[in-house]
Amino acid sequence: MIYIFSATNELEIANGLHSYTPAKHLRDFERDLSFLPYYFGEEGDILLMEQKPSDKFIESLKVLHLPNIRIHSMQETQQMLASKTINSKQKLAPWGWSPRMHHKLDSLKRHISLHPFEQKWETSYKEVYSRVFARDILKTLLSNSTQKKIYIDKNDIPMVITKRDEVHQHFQQHGNIVVKTPLSSSGRGMIFLHDDKIHDTYNQWIDGALKTHGYLMVEKKVNKLYDLSLHFEVKNNQIDYLGQASFFTLENGQYEGNNLQPFPEEMEDQQKEFVQNHIKQCVEDLLSAFYIHNLTNIYQGIIGVDLLLLKDAKGNMRLQPCLEMNMRYNMGTVTLALRKRLPNNVNGFWKVERLGRQDPMEFDRIMKQKYPLEIDNEGKIRKGYKALIEPTPSTLFACYMICSPIK
């Protein structure tokens, strides 16, 4: 595999132009986190990076017992493919496909055998990446499942709206609602409406989003208990289940980090038992819906499905089994890979943090001092802090994990 990270996949698709240039803070994020695919690569894979980490940092990762991943620039990789130094049977594995990513990898694509989905960007792919497609999967799942009582009611399925007045109608009917753009991710591209009226700032956001996208998604705000995710891979005309993860967000819904084990440590036993009892059914229902929608014919690659554990109006626990679909590698992919490198009796989390004015080297020093790393008899991390990207004077983000033994 030849991996390359991207921070703006859905925004690139929404824009539709291969010349799309992300905002500076997103370019900074993409540069700083470009090392993340290293954690789920396998022996002999290649990670495309223009700024390689130091040998010292790579050496520090030995505690994770990672396979040997080669790191090369785009130009180096192109030259190796042209000279057949590396096998042309290598597969391209960008974080996600988009018009921009196709253009970016054009010099490599000519040397590599590609699946039809990967050969060029088609405008029809855009809807597969949208929240409308996730909504359609949800509708199919709720209609066909034999265990409807474990899920949200079909009346709580997100709605498509095309006018600002429709947002106001939903707001008057339900009080607390969430309005989302069709293409966005990680908790961005959405607003929560929960006051006694919709303020002008929100009306301006709604008008601007409708002008850009043509429609928006509206759903009732629910009594969320936990964010969960299920992960799949579409490959060779079949869909495989990869595993389950849980993550946490900021108050505005933006992604913050993942728990290293399938469930948060603070999760109540009753809540955990509910999910454990029904997650297999949820996986089966999602797979069934994927095949009904012929997903193997229109997509190839990783899928991350975000779901919610929530309480309904009567206080009963329910699952929202398909809140969003990430048709790409995602933070859950990294989580599943990190979990394999840790002992079973170790929990904790990993997260991404914007450092602001804080010096990244000093942040790293303080965290090492506050959470000293402890290694078990098998040479695996038992406890402590570990940076997942190299802190340098120019990095603006920190990405790290903190581990602790399960109590």
**OP:** Mind listing whichever residues of the range 295-310 are farther than 16 Å from Val132 by Cβ, of a type outside the set (Val, Ile, Thr) and at pLDDT below 95?
**Re:** Asn297, Gln300, Gly301
**OP:** Please specify each residue of the range 151-177 satisfying the condition of being surrounded by 19 or more Cβ atoms within 10 Å (Cβ to Cβ) and in contact with a Pro (Cβ under 9 Å, 6 or more places away or on another chain).
**Re:** Tyr151, Ile152
**OP:** Could you run through the range 229-256 and say how many residues are in a strand (DSSP E or B) and of a type outside the set (Ser, Thr, Tyr)?
**Re:** 16
Original post:
Given the residues Leu141, Leu105, which is the only one that is surrounded by 20 or more Cβ atoms within 10 Å (Cβ to Cβ), within 22 Å of the chain's Cα centre (by Cα) and farther than 24 Å from Gly16 by Cα?
Top reply: Leu141
Original post:
Going by the conditions given, is Ser143 in contact with a Lys or Arg (Cβ under 8 Å, 6 or more places away or on another chain), on the phi < 0 side of the Ramachandran plot and in a helix (DSSP H, G or I)?
Top reply: yes
Original post:
loosely packed, with under 14 Cβ neighbours inside 10 Å, modelled with pLDDT under 90 and more than 19 Å from the chain's Cα centre (by Cα) - does that describe any residue in the range 52-60?
Top reply: no
Original post:
Cys322 passes all but one of (1) more than 22 Å from Pro37 (Cα to Cα); (2) surrounded by fewer than 21 Cβ atoms within 10 Å (Cβ to Cβ); which number fails?
Top reply: (2)
**OP:** Would you tally the residues in the range 234-277 being of a type in the set (Gly, Ala, Ser) and within 22 Å of Ile150 (Cβ to Cβ)?
**Re:** 3
**OP:** Give the residue that is nearest to Ile298 (Cα to Cα), with candidates limited to residues of the range 179-235 that are among the aromatic types (Phe, Trp, Tyr) and over 20 Å from the mean Cα position of the chain (by Cα).
**Re:** Tyr215
Original post:
When the residues of the range 157-185 are filtered to those that are over 15 Å from Ile206 (Cα atoms) and assigned to a loop (DSSP other than H, G, I, E, B), which remaining residue is modelled with the lowest pLDDT?
Top reply: Ser185
**OP:** Test Glu284 against the criterion of being free of Cβ contacts under 8 Å to residues at least 24 places away in the same chain, within 21 Å of Asp153 (Cβ to Cβ) and acidic (Asp, Glu), and give yes or no.
**Re:** yes
**OP:** Those residues that are part of a loop (DSSP other than H, G, I, E, B), closer than 23 Å to Met401 by Cα and touching a helix residue (DSSP H, G or I) at 6+ places or on another chain (Cβ under 8 Å), I need them from the range 39-89; list them, please.
**Re:** Phe40, Gln51, Leu66, Ile69
Original post:
Taking the range 186-228 on its own, how many of its residues are among the acidic types (Asp, Glu), surrounded by 19 or more Cβ atoms within 10 Å (Cβ to Cβ) and part of a helix (DSSP H, G or I)?
Top reply: 0
Subject >> Sole exception among (1) at pLDDT 95 or above; (2) of a type outside the set (Lys, Arg); (3) farther than 21 Å from Phe133 by Cα; (4) surrounded by 13 or more Cβ atoms within 10 Å (Cβ to Cβ) for Leu355, by number >> reply: (1)
Subject >> Gln276 surrounded by 12 or more Cβ atoms within 10 Å (Cβ to Cβ), without any contact (Cβ under 8 Å) to a residue 24 or more places away in the chain and either aromatic (Phe, Trp, Tyr) or not in a loop (DSSP other than H, G, I, E, B) (or both) >> reply: yes
Subject >> Within the range 108-138, considering residues that are outside any helix (DSSP H, G or I) and small (Gly, Ala, Ser), the one surrounded by the most Cβ atoms within 10 Å (Cβ to Cβ) >> reply: Ser130
**OP:** Would you check which residues across the range 377-401 are farther than 20 Å from Pro37 by Cα and in a loop (DSSP other than H, G, I, E, B) and list them?
**Re:** Asn377, Glu378, Gly379, Lys380, Pro393, Ser394
Original post:
When you go through Ile366, Ile375, Ile381 one by one, which is the residue that is in contact (Cβ under 8 Å) with a residue 40 or more places away in the chain, more than 22 Å from Gln51 (Cβ to Cβ) and surrounded by fewer than 19 Cβ atoms within 10 Å (Cβ to Cβ)?
Top reply: Ile375
**OP:** Keeping to the range 5-38, report how many residues are part of a loop (DSSP other than H, G, I, E, B) and either of a type in the set (D, E, K, R) or within 20 Å of Val352 (Cα to Cα) (or both).
**Re:** 9
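The values are calculated or read from the model by the stated rules, or taken from the named source; none is laboratory data. These numbers were taken from a predicted model, which means no experiment stands behind them. For neighbour counting, all protein chains shown are included, and Cβ atoms are generated from backbone atoms with ideal geometry for every residue, glycine included.
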